[in-house]
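Input: a single structure, listed below in structure tokens.
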């Protein structure tokens, strides 16, 4: 009886490990069953220090195609001083 219980536990662990491995491989290949996660955000590069920032959380200067995005007020002030 104890042998049967041990075999069942072993089989359950092996099946569970295989399913996690298969799920990891599929997610790594880009397959998602639930339709995917949140959409990615394109990052922009701060022209002063070179840090990449999300446009929604960055400080901006200008508008449209001429907009520049900065990681901090210090970088924005340095950019203004250049002009």
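The values are calculated or read from the model by the stated rules, or taken from the named source; none is laboratory data. Keep in mind the model is a prediction, meaning the values are calculated, not measured. Heads up, the Cβs are rebuilt from the backbone with ideal geometry, glycines too, and the neighbour counts pull from every protein chain shown.
Things to note:
- Within the range 55-83, the set of residues being surrounded by 12 or more Cβ atoms within 10 Å (Cβ to Cβ) and in a loop (DSSP other than H, G, I, E, B) comprises 58, 67, 71, 72.
- Residues located in the range 33-54, provided they are modelled with pLDDT under 90 and more than 15 Å from the chain's Cα centre (by Cα): 33, 34, 35
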